[in-house]
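Colleague: The structure follows.
The values are calculated or read from the model by the stated rules, or taken from the named source; none is laboratory data. Since this is a predicted model, take the numbers as computed values, not measurements. Heads up, the Cβs are rebuilt from the backbone with ideal geometry, glycines too, and the neighbour counts pull from every protein chain shown.
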């Protein structure tokens, strides 16, 4: 069982890295294109995710084992997920929201309905921290880090 978790973990990391690397190469999906970017990005991900999964699947990863069944860590505790962002950009919020909803879709978390008033990653993590989200996962507030690089760069460039 432990071996399957590490393979699944490696697969998940490889998948996320491949999606991030591939999405960074498309110029039309930048923050400057907010109104059309979200829909474009969603469509692009839908079209390319299956390819990215298959291209980054470890050679010894069984074809029928794509998503591990929900389970606690070997020590009986929940998986603690850290979130690190480089500023309050809409893409980060949309991706985190999709990840949180995605865990619900695959059975790792309870179904939730995120209110429209929640619009930043920090608000989302605060909102989810007081809910019965998952028996297996947690997003502790103390593991949330906003590096705010854009704000830091603006301050550095001021006369």
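Colleague: Here is a list: 106, 81, 112. Which entry is at pLDDT below 90, in the same structural domain as residue 134 (by TED's automatic domain parsing) and either exposed (fewer than 12 other Cβ atoms within 10 Å of the Cβ) or under 19 Å from residue 137 (Cα atoms) (or both)?
Modeller: Of the residues listed, the single one that is at pLDDT below 90, in the same structural domain as residue 134 (by TED's automatic domain parsing) and either exposed (fewer than 12 other Cβ atoms within 10 Å of the Cβ) or under 19 Å from residue 137 (Cα atoms) (or both) is 106.
Colleague: Consider segment 54-75. How many of its residues are over 18 Å from residue 107 (Cα atoms) and either at pLDDT 80 or above or in the same structural domain as residue 103 (by TED's automatic domain parsing) (or both)?
Modeller: The qualifying residues number 2.
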